[in-house]
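Participant: For reference, the structure I am asking about is given below.
Readers should treat all values here as calculations from the given coordinates under stated rules, not as data from a laboratory. The structure displayed is predicted, hence computed values, not measured ones. Positions of Cβ are backbone-derived with ideal geometry, glycine not excepted, and every protein chain shown enters the neighbour counts.
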Amino acid sequence: MRYLYFPGCTLSTKAKGFAASGEASARALGIDLVELSRWNCCGATFPLATDNLLALVAPTRVLLNAEKEGDHLVALCSICYHVLKRTNMLLREEGDKREKINLFLEEEYSGEVEVLHLLELLRDEIGFEALGERVQKRLQGLRVAPYYGCLLLRPFQEIGLDDPEEPRILDDLLASLGCEVVEFPHKSECCGSYLAMNTSEVTRELSYAILRSALASGAEAVVTSCPLCQFNLDYRQGEMAAHYPGFTQIPVLYFTQLLAIALGIESEAFGLADHYVDPRLLLVRRGLP
Amino acid sequence: MSKRRAMVIGGGISGIQAALDIANSGYEVVLVERLPSIGGHMAQLSETFPTLDCSQCILTPRTVEVGHHEKIRLATYSEVEEVRGDFGDFKVKVRRKPAYVDWERCTGCGLCQEKCPWRVASDFERGLGKRKVIYTLSPQAVPNKPVIDREHCVYFQKESRCGACAKFCPVEAIDFQQEEEVWEEEVGAIVVATGYDLYPMERLREYGGGRYPNVIDSLQFERLLSASGPTGGEIRRPSDGAVPKEVVFVQCAGSREPERGVAYCSQICCMYTAKQALLYKHKVHDGQAYVFYIDIRAGGKGYEEFVQRAMEEGVLYLQGKVAKIFPQDGKAMVWGADSLSGKRVEIAADLVVLATAILPSQGTGDLREKLGIKIDESGFYEEAHPQLRPVESGVPGIYLAGAGQGPKDIPEAVAQGSAAAAKVVALLAREVSP
């Protein structure tokens, strides 16, 4: 299966391990992720003001380029997926806005491209049951808290990937890899997102609540599909430890890193050494590479 | 008028009122009820607002009157199968499920229920209590005749082992061979009073109803309050039987929420929540009750005063929605907003009661097709004119009563039952067909 693939900026810089492990896992499963030959930043936020059309130019360009090469576009990063999918829907449904943006870009985007998340391909194209059969190394005994965050699921009417109140897709994926998935009430609470840039104490508080809840549920690792969530949850743990005596650190992994391990693929490029809280100790303890 | 008799479909308080009014005017009535006995949801309630009358106590005289009325033929455990004909001359096929008990012989002594060794979760108790496999809905059931739940009966499921009820029945009324019965009634007019169900709390995923035992719906709380309920009227939470000291009531759970629930206001929740919170305070003196609300809609006689009384007696009202409920350290954590102080509120509750939206009862869509009447966009029966013909369906001779036409409380359901009966009587009394 060949799919056009949009890595996005973060996966090309700060989250290279996410990209490398995702691409390698997909390849092992027969999904050929072909990087868009021309791409730019997705815009990184979907504009909240309805007349802020300029903010839609960047994602529209990505979609336009994709349309020239295929009809699907796969993203790994929750934010890229969110922005591209919502922009695409808006362009499909609001003809006047589409026309204005097309005029600005001096090109014609029709809205035909379908934006997908890799999780969707794994669930709908491969199937978690079939995926389970491809697993080389079951992640037996690894207790994980699947963390969805906001942008992967909301707004449901536009994203529609999974139930935003009780999502299953990451839970089911991790279960198919052999993990022990813990029930985790904060699985779709916000981590603070971009507040990391200016009011980092808010991010720290929100992320702390999420990690505390994961730890209380018995998890020994948190798993996400969003580089910004990963950053907030992982890199703030130093501050958290300083702020909350007795706080136990907990590794925060990308789902693709665990997927790759389960599929028996190993590579330094998967970035396990780059995390603030090193997950390798835990993995070794569980008999994993 | 060719057939001077009527049918009422639905044996809740509205249907009961309609049936009694028609029968007391001298016309025969067939009252069809899906369940083994009549009384509807009112039989499940503890006390009624705003007077705090005991629901069973004011209902039972009515159900008993229906049971004894010489003009009322009670067809319980029965459903309407097919409707043909026109006003003045409807032919209605009724199907009665097998009770596996010969109700002619049965004296209602209750020995079979006592001796039956098998228990299953009771729908009447909303899953909070158990009932025997041969059962009546309540000790005050009318008719006071039991039915056997075939699906859970060991006699049926395990090749004739057991049969305890048959062995002990002093009048040999148990009839495992009983079959369903189908017959036709000829009536001149029909009252449709099929009532409501609650919006399934499982669908409100962020509240965790159905997943967390201490998140319950309002009818479950009625059963906890009720002296005849599974806890004998003591407030005990489902998870461990402890008396909850912090109880959060969530109004508009699914109501006024077009995106994920229903668009309309369910109309009765403000009042029954005030009642439930007040009764909770009466039973657990050192307990705290919180009510999250969007607006308080208490537009009825004595209603606003009743809500004020609940507030004065210490129920804490918080204007805002609840965002999420989840278990933490043995409590149900409730995240909500208090829009009046502009702050987020977090309450570690022992018990959460969801005032879930009122839906038309399950069979409404099905029955509508059989009757050829309309439903509105919310799924309730549509009246012929919203202002001037509130109890008529679009089909002559078919009238509407109770919560099947839209959410309503007991006084309104009774009023509409009487109104529908007046229409029926007026039709049946005509000398010549119009």
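Participant: With a sphere of radius 10 Å drawn around the Cβ of B:K374, what net charge do the other residues whose Cβ falls strictly inside it have (Lys, Arg +1; Asp, Glu -1)?
Facilitator: Details: positive: B:R368; negative: B:D376, B:E382, B:E383.
In short, -2.
Participant: Given the pairs B:K93/B:K370; B:K3/B:K97; B:K132/B:K158; B:K370/B:K408; B:K245/B:K283, which span a C-alpha to C-alpha distance of over 19 angstrom in this model?
Facilitator: Result: B:K3/B:K97; B:K370/B:K408 exceed 19 Å.
Participant: What do you get for the angle between helix B:55-68 and the principal long axis of chain B? Use alpha-carbon atoms, 0 to 90 degrees, nearest ten.
Facilitator: 10
Participant: Rank these for me by crowding, B:V291, B:V29, B:V243, going from fewest to most other beta carbons within 10 Å. It would help to have the intermediate numbers written out before the result.
Facilitator: Working: B:V291 25, B:V29 28, B:V243 15.
By the 10 Å Cβ count, ascending, the order reads B:V243, B:V291, B:V29.
Participant: Is segment B:292-368 rounded, prolate or oblate when judged by the Cα gyration tensor, a ≥ b ≥ c being the square roots of its eigenvalues, rounded requiring a/c under 1.5 and prolate requiring a/b larger than b/c?
Facilitator: oblate
Participant: Nearest-5 percent of antiparallel DSSP beta bridges in segment B:1-74?
Facilitator: Antiparallel: roughly 20 percent of the beta bridges in segment B:1-74.
Participant: For the protein assembly as shown, what is the percent of antiparallel DSSP beta bridges, rounded to the nearest 5? Mind dumping the intermediate values first?
Facilitator: Working: 42 of 94 bridges.
Around 45 percent antiparallel, to the nearest 5.
Participant: If we count other beta carbons within 10 Å of each Cβ, what is the order of A:R236, A:R38, fewest first?
Facilitator: A:R38, A:R236
Participant: If you don't mind, another one. Using only the Cα atoms of chain B, build the gyration tensor, take square roots of its eigenvalues as a ≥ b ≥ c, and label the shape rounded, prolate or oblate: rounded if a/c is under 1.5, else prolate if a/b is larger than b/c, else oblate.
Facilitator: On the way: a/c = 2.05, a/b = 1.29, b/c = 1.59.
Oblate shape, in that a/c is at least 1.5 and b/c is the bigger or equal ratio.
Participant: Calculate the length of the line joining the C-alpha centroid of segment A:198-230 to that of segment B:265-301, in whole Å.
Facilitator: Between the Cα centre of segment A:198-230 and that of segment B:265-301, the gap is 37 Å.
Participant: Among A:P279, A:S207, A:V181, whose Cα sits farthest toward the positive end of the charge dipole of segment A:137-285 (+1 at Cβ of Lys/Arg, -1 at Cβ of Asp/Glu, about the Cα centre)?
Facilitator: A:P279
Participant: With viscosity set to 1.002 mPa s and temperature to 20 °C, compute the Stokes-Einstein D of segment B:187-342, Rh being the Kirkwood radius across alpha carbon pairs; µm²/s, no decimals.
Facilitator: 128
Participant: On the principal axes of its Cα set, how long, how wide and how thick is the protein assembly as shown? Give whole Å, largest value first.
Facilitator: Here the Cα extents, ordered largest to smallest, are 88, 59, 57 Å.
Participant: For chain B, with a Gaussian network of springs between Cα atoms less than 10 Å apart, report the residue from B:H69, B:H41, B:H385 with the top mean-square fluctuation.
Facilitator: B:H385
Participant: Shifting gears a bit: What does the charge add up to near A:S207, with Lys and Arg as +1, Asp and Glu as -1, over the other residues with Cβ less than 14 Å from its Cβ?
Facilitator: So the environment of A:S207 carries a net charge of -1.
Participant: Would you work out which of B:C165, B:S138, B:G127 lies farthest towards the positive end of the dipole of segment B:111-168? Charges go on Cβ: Lys and Arg +1, Asp and Glu -1.
Facilitator: B:C165
Participant: How would B:M271, B:M311, A:M1 line up from fewest to most surrounding beta-carbon atoms within 10 angstrom?
Facilitator: A:M1, B:M311, B:M271
Participant: Sticking with the crude label model, points 7 Å out along Cα→Cβ, report the distance from A:E205 to B:E184 in nm, one decimal please.
Facilitator: Each label point is offset 7 Å from its Cα along the Cβ direction, giving 7.3 nm.
Participant: Less than 10 Å Cβ to Cβ from B:N24, Lys/Arg counted +1 and Asp/Glu -1: what total charge do the surrounding residues give?
Facilitator: Combined, the nearby Lys, Arg, Asp and Glu give -1.
Participant: Could you tell me the distance between the Cα centroids of segment B:104-161 and segment B:375-401, to the nearest Å?
Facilitator: Segment B:104-161 and segment B:375-401 have Cα centres spaced 37 Å from each other.
Participant: Among B:G287, B:G12, B:G241, which one moves the most in a GNM of chain B with springs linking Cα atoms closer than 10 Å?
Facilitator: It is B:G241.
Participant: If you don't mind, there's one more thing I want to ask. Nearest 10 degrees, 0 to 90: what angle lies between the long axis of helix B:269-283 and the longest principal axis of chain B (Cα atoms)?
Facilitator: That helix lies at roughly 70 degrees to the long axis.
Participant: Could you list the residues of segment A:4-37 with an amide nitrogen less than 13 Å from a label point located 7 Å from the Cα of A:R134 in the Cα-to-C-beta direction?
Facilitator: Within reach of a label on A:R134, which here means backbone N under 13 Å from a point 7 Å along Cα→Cβ, segment A:4-37 contributes A:22-33.
Participant: In addition: Give, rounded to the nearest 20 debye, the magnitude of the charge dipole that chain B has about its Cα centre when Lys and Arg contribute +1 at Cβ and Asp and Glu contribute -1 at Cβ.
Facilitator: That gives a dipole near 600 debye.
Participant: For A:R92 paired with B:Q328, estimate the spin-label separation in nm (one decimal), with each label point 7 Å from Cα along the Cα-to-Cβ line.
Facilitator: Once both label points are built, they end up 3.8 nm from each other.
Participant: Which cysteines does chain B leave without a neighbouring Cys Cβ under 4.7 Å?
Facilitator: Singleton cysteines: B:C106, B:C109, B:C116, B:C153, B:C162, B:C169, B:C252, B:C265, B:C269, B:C270.
Participant: How far is it, in nm, from the label point at B:E369 to the one at B:H385 when both lie 7 Å from their Cα along the line to the Cβ?
Facilitator: Taking the two extended label points, one gets 3.2 nm.
Participant: Now for a separate question. With only Lys, Arg, Asp and Glu charged, each at its Cβ (+1 for the first two, -1 for the last two), find how big the charge dipole of the protein assembly as shown is about the Cα centre; round to the nearest 20 debye.
Facilitator: It comes to approximately 1360 debye.
Participant: For chain A, what is the charge dipole size about the Cα centre, in debye to the nearest 20, if Lys and Arg each add +1 at the Cβ and Asp and Glu each add -1 at the Cβ?
Facilitator: It comes to approximately 880 debye.
Participant: What's the FRET efficiency of A:S267 with B:R150 using the Cβ-Cβ distance as r and R₀ = 51 Å, to the nearest 0.05?
Facilitator: Details: r = 61 Å, r/R0 = 1.20.
Calculated value: 0.25.
Participant: Same structure again: Considering the Cα trace of segment B:111-168, what is its radius of gyration and what is Dmax, both in angstroms?
Facilitator: Both quantities, over Cα of segment B:111-168: 11.3, 33 Å.
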